[in-house]
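Below is one structure, written out as structure tokens, with a few remarks after it.
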Amino acid sequence: MEMSENNVEFKEPGCLTTWIKYLLYVQVAIALIAIGSNLMEYQLLTDFQNGVYFNQEMAVADAEANDKRQQIIAFSYLAVFIISGILILKWIYQSNQNARYLGAKDMTFTPAWSIGFYFIPIVSLWKPYQAMKEIWQASQNPNNWQLEKAGPILGIWWFFWIANSVVGQVVFRMSRRAQEISEIMNVNLVSQVSEVLSIPLAIVTWLLINNISNMQKAQLEGDVEKAETAEDSDLQPAK
């Protein structure tokens, strides 16, 4: 097998990808719950706006119950998002290393920068996509990765990532200055858009991770098979 200049070892992605898969499932489940909770909140705000409540104590009690429910859902989603995000970044780093182990040379992005660009403003709009595209190409054909085309799933994944990130920023900025009921209702609606976008994002992210991991495992198995065939040929007596 052709080794990279760094002599890194191939790291089996199985356990890591399994954790990522289940955490993304949980993200989708929480997003669905959040959508339902936001619909309940929107109805509550509509009732406030229309003066449905005649009892102030009941209105305050319902508002507090709504806030508590929303906080629990928000913190749960944030915790799962952070944990899954860390594992996905670990997978990206590991996949870049694996591509090098499989023989990919002259890769533009190092393992560190393939995750580092996510945290740098402006360039984070395209550099992480380029790094992931390179990992895909190198995983599909390590020896001639520059000639490979990226799968369409990469563009779909990046579209949902950018869209969800932009909407998330809009929600954050709107929520900081929302005071009137109508403004809070607008925040609620945009939040629902963000939650809806997070569902296909999680699904496409898993499909992308699974495809690249399978390509790398197939490349590794092919190299091992070639090595075993060559070893058997060397052991056969000459005629």
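The values are calculated or read from the model by the stated rules, or taken from the named source; none is laboratory data. Fair warning: this is a prediction, and the values are worked out from it, not measured in the lab. Cβ sites come from the backbone with ideal geometry, for glycine too, and all protein chains shown count toward neighbours. Only protein heavy atoms, including side chains, enter the accessible area calculation; ligands, DNA and RNA are left aside. Shrake-Rupley method; radii C 1.70, N 1.55, O 1.52, S 1.80 Å.
Build a GNM of the chain with springs between Cα atoms under 10 Å: which of 51, 151, 36 gets the top mean-square fluctuation? For the chain, modelled as a Gaussian network with Cα springs under 10 Å, the answer is 51.
Considering only protein heavy atoms and a 1.4 Å probe, what is the carbon-and-sulfur percentage of the accessible area of region 1-124? Before the final figure, lay out the partial values.
Working: 4710 of 7290 Å².
Here carbon and sulfur together make up 65 percent of the probe-accessible area.
Any chance you could give the angle, 0 to 90 degrees and rounded to 10, that helix 14-49 forms with the longest Cα principal axis of the chain? Approximately 20 degrees, to the nearest 10.
Report the residues of region 190-218 in range of a label on residue 90: point 7 Å along Cα→C-beta, backbone N strictly under 18 Å from it. Of the residues in region 190-218, 206, 209-210, 213 have backbone N under 18 Å from the label point off residue 90. Across region 181-194, coupling constants 3J(HN,Hα) worked out from phi with the 6.51/-1.76/1.60 Karplus curve, θ = phi - 60°, read 4, 4, 5, 5, 5, 5, 4, 4, 5, 5, 4, 5, 4, 4 Hz, and Gly and Pro carry x.
Accessible area, 1.4 Å probe, largest first: how do 100, 177 sort? Don't jump to the answer; show the numbers that get you there.
Numbers: 100 25, 177 160 Å².
Result of the area sort, largest leading: 177, 100.
Based on the Cβ-Cβ distance of residue 52 and residue 28, what FRET efficiency does E = 1/(1 + (r/R0)^6) give at R0 = 41 Å, to the nearest 0.05? Kindly include the intermediate steps, with their values, before the conclusion.
Working: r = 33 Å, r/R0 = 0.81.
After rounding to 0.05, the efficiency reads 0.80.
Per residue, the accessible area of region 174-217 comes to 49 Å² when a 1.4 Å probe rolls over the protein heavy atoms.
Could you give the nm distance between label points at residue 181 and residue 112, where each point is 7 Å from its Cα heading toward the beta carbon? It is 5.5 nm. With Cα atoms as the point set, the radius of gyration and Dmax of the chain evaluate to 24.0, 101 Å. Under a model in which nothing but the beta-carbon of Lys, Arg (+1) and Asp, Glu (-1) is charged, the chain shows a dipole of about 420 debye around its Cα centre.
Between 12, 180, 148, the residue with the greatest mean-square fluctuation in the GNM of the chain (Cα pairs under 10 Å linked by springs) is 180. Note on residue 67: accessible area is roughly 80 Å² with a 1.4 Å probe, heavy atoms of protein only.
Ordered from largest to smallest accessible area (heavy atoms of protein chains, 1.4 Å probe), the residues 145, 113, 161 come out as 113, 161, 145.
Do the sum for the chain: with -39,500 (n - 2.57) for every DSSP H run of n ≥ 4, divided by all residues, what is the mean residue ellipticity at 222 nm, to the nearest 500 deg cm²/dmol?
Numbers: 6 runs with 183 residues, N = 239.
So the calculated ellipticity at 222 nm is -27500 deg cm²/dmol.
Sorting 194, 213, 165 by accessible area puts them as 165, 194, 213; the probe is 1.4 Å, largest comes first, and only protein heavy atoms count. Remark: region 1-110 carries 59 Å² of accessible area per residue (probe radius 1.4 Å; ligands, DNA and RNA excluded). Straightening the chain between residue 21 and residue 214 buys 68.1 nm, computed as 0.36 nm per residue apart minus the Cα-Cα spacing.
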